[in-house]
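Notes follow once the structure below has been shown.
Read-outs: derived from the displayed coordinates by stated rules, not from any lab. Note that this is a predicted model, so its numbers are computed, not measured. Reconstructed Cβ throughout: ideal geometry from the backbone, glycine too, with neighbour counts over all protein chains shown.
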Amino acid sequence: MRGNPETHELIAATSLTDALTRLADAPGIWMPIAGGTELMVAHAAGRLSAQKLISLSTIRELNFIQVGAQSVSIGGGTTFGQIRRHATIASDFPLLAQAAGWIGSIANQNRATLAGNIVNGSPAADAPPALLVYDAEIELISQRGSRRIPYAEFHLGYKQSVLERDELVFALHLPRRFENHARYLRKVGTRNAMAITKVAIAATAVITEGRITEIRLAAASLADRPLRLIATESALLYRTLSPEIQTAARAALFSEVRPIDDIRSTALYRRHVAANLLDEFLNMLEQKHATGMIA
Ligand SMILES: Cc1cc2nc3c(=O)[nH]c(=O)nc-3n(C[C@H](O)[C@H](O)[C@H](O)COP(=O)(O)OP(=O)(O)OC[C@H]3O[C@@H](n4cnc5c(N)ncnc54)[C@H](O)[C@@H]3O)c2cc1C
């Protein structure tokens, strides 16, 4: 059943302080809305339970990309269009720029925000795997102050997170130390554009004197939340790539992921595709190393 606009109230926050005050004064009553590309779909389908919406789209303090010597900070209200077009993100965090270009259509990218993608909590969302392999930190803000935690600790389960009812996502902070890492991002969907992810894998790695000395792997649609693949990383760290090590990494991946059967794919399909993507990344890594493209 379609939602009825008359049963909802929408106000525009005049400032970050205004939004935080309203959230603090009536926790759980006001639902933040940024680009609305998730919430308006929920509304149209009659699934939007919140009656009162507070728009963040006019809050300038949430919309920024700040480039520092050590890190890049991206405000929660920054759109994927802005992220995709930003020169430093393209040079230092190309996987995030690539993921930004996958979010729906250009029209979506001009509305959809980074915080909205994260807080919506879909395990299939496109930005989280890139944020996970870049060791992003997430900064949450409320009237009580702000706190900064590893993004890897943000999601607790399906559509559950550590975000309190009076908090907003203020920013994501990405350390600028991945410039020389080999990188990989691949999304498998029904088609190339406007497709919800069936499986995606993001990866960064460094090979030093033939051994993998750094590796980060993350996935979408392989668990109830965006997942950092810690066990698979452990099977590869400090190893020299070989068919045996790749087999061990595949086995670790198989036992680590927890995909589901749904209308888009079966869990078994997702496991096999994920393992194939891992192989593709490791083969690329070995080839780059063999041809001297990485140390
Ligand atoms: C046609 C279409 C195609 C799409 N394709 C893709 C795709 O390919 N890949 C993909 O990942 N997603 C896709 N999406 C989903 C959506 O566009 C993204 O998840 C988007 O990033 C959501 O951001 P938003 O600002 O529109 O969120 P909103 O709809 O405004 O909000 C989503 C959630 O985030 C919360 N929220 C927003 N900002 C904050 C904040 N600063 N602090 C705390 N909570 C906040 C809201 O309360 C709400 O719970 C698509 C959507 C549509 C309609």
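Partner lysines whose Cα lies under 24 Å from the Cα of Lys187, excluding those fewer than 8 positions away in the same chain, are identified as Lys159, Lys198, Lys288.
On the basis of the beta-carbon distance and an R0 of 30 Å, Thr213 and Phe254 show a calculated FRET efficiency of 0.75. Here is the size of the chain from its Cα atoms: Rg then Dmax, 19.8, 65 Å. Across the range 119-134, coupling constants 3J(HN,Hα) worked out from phi with the 6.51/-1.76/1.60 Karplus curve, θ = phi - 60°, read 5, 4, x, 6, x, 8, 4, 7, 6, x, x, 5, 4, 5, 6, 8 Hz, and Gly and Pro carry x. Footprinting exposure proxy ranking of Thr7, Thr58, fewest other C-beta atoms within 10 angstrom first, gives Thr7, Thr58. Within the listed set Gly116, Gly104, Gly77, the Gaussian network model of the chain (springs between alpha-carbon atoms below 10 Å) gives the highest mean-square fluctuation for Gly104. Helical content of the chain, expressed as a calculated mean residue ellipticity at 222 nm, amounts to -9500 deg cm²/dmol (DSSP H runs of 4 or more residues, -39,500 (n - 2.57) each, divided by residue number, nearest 500). Sorted from longest to shortest, the spans of the Cα atoms of the range 118-199 along the three principal axes equal 44, 31, 19 Å. Between amide H atoms placed 1.01 Å from N, distances below 5 Å from Ala34 occur with Leu56, all of them 5 or more places distant or on a separate chain.
Computing FRET efficiency as 1/(1 + (r/R0)^6) for Gln143 and Glu244, where r is the C-beta to C-beta distance and R0 is 45 Å, gives about 0.25. Using the Cβ-Cβ distance between Leu237 and Asp18 with R0 set to 51 Å, the FRET efficiency from 1/(1 + (r/R0)^6) comes to roughly 0.60.
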